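Q: Below is the structure I would like to discuss, written out as structure tokens.
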């Protein structure tokens, strides 16, 4: 199982002072040096953390893969088509949210998503859809032509009781099995940390976990390279 590191909150710290540091582009270099498999960033419409400049520079310097999270805003779509990251992950986005609150409604937005998946494919960009672990959303995701889904693990991560966590985990397992059965590849992420990632790692069909906030929080105390290596140790141990 692979690890994609989301560097948004390096930029959050920079934007708190509207300064030049810490630089998320330099952070990406450290992440790759530590052994991650891809760099993830979210160019939001309100530009609260990652800026246009970051995305363009990241495409130039990232040696693994650049996964650009984005809403289907025409402004952001045009930037993505210009930058040509290795992959885009389409997510829902609300200006008032602290972080992404749930999965993309592929059923409701099917035609718009399908149209833009084709645009990305024509530019040589792979597409993933960030969705809830629900069969109807997975089936529609497959019909858009996207290569991947990324299962939203937030409800699993936020569960307080062991019973609730197990129920959410079982939903993710069933969703993964269904996705594989209809021929769409699976990644997962949101809310994963050093305590709850292990059970997700045991779902063998999931190819990559995208983790950001918990790694950056850990990095405050141990450094970014160490924080990533610690997460990689968990993933490698639990996904054997």
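Q: Restricting attention to the stretch 217-237, report how many residues are surrounded by 15 or more Cβ atoms within 10 Å (Cβ to Cβ) and either farther than 13 Å from residue 31 by Cα or touching a strand residue (DSSP E or B) at 6+ places or on another chain (Cβ under 8 Å) (or both).
A: 6
Q: Against the definition (in a loop (DSSP other than H, G, I, E, B), without any contact (Cβ under 8 Å) to a residue 24 or more places away in the chain and over 19 Å from residue 12 (Cβ atoms)), how does residue 63 come out, yes or no?
A: No: the conditions fail for residue 63.
Q: Check every one of the helices (runs of 4 or more DSSP H) wholly within the stretch 114-207 and list those with 3 or more residues that are touching a residue at least 24 places away in the same chain (Cβ under 8 Å) and closer than 23 Å to residue 39 by Cα.
A: Per the criteria, 197-201.
Q: Looking at the stretch 146-160 only, could you name the residues that are surrounded by 15 or more Cβ atoms within 10 Å (Cβ to Cβ) and more than 18 Å from the chain's Cα centre (by Cα)?
A: 159
Q: Kindly evaluate residue 214 against the criterion of being in a helix (DSSP H, G or I), without any contact (Cβ under 8 Å) to a residue 24 or more places away in the chain and farther than 17 Å from residue 10 by Cβ.
A: no
Q: Now a separate question. Take residue 75 and decide whether it is closer than 24 Å to residue 115 by Cβ and either more than 17 Å from the chain's Cα centre (by Cα) or surrounded by fewer than 17 Cβ atoms within 10 Å (Cβ to Cβ) (or both).
A: Judged against the criteria, residue 75 is a match.
Q: A further question follows. Taking the residues in the stretch 26-47 that are free of Cβ contacts under 8 Å to residues at least 40 places away in the same chain and under 16 Å from residue 79 (Cβ atoms) as candidates, determine which candidate is surrounded by the fewest Cβ atoms within 10 Å (Cβ to Cβ).
A: Ranking the candidates gives 47 first.
Q: Return the only residue of 123, 159, 146 being over 23 Å from residue 81 (Cα atoms) and in contact with a helix residue (DSSP H, G or I) (Cβ under 6 Å, 6 or more places away or on another chain).
A: From the options 123, 159, 146, the qualifying one is 159.
Q: Continuing with this model, one more query. Within the stretch 10-49, which residues are part of a helix (DSSP H, G or I) and farther than 26 Å from residue 236 by Cβ?
A: Those that are part of a helix (DSSP H, G or I) and farther than 26 Å from residue 236 by Cβ: 11, 12, 13, 14, 15, 16, 25.
Only the coordinates and a few stated rules stand behind these numbers; no lab work does. The structure displayed is predicted, hence computed values, not measured ones. We place every Cβ from the backbone using ideal geometry, glycine too, and count neighbours over all the protein chains shown.
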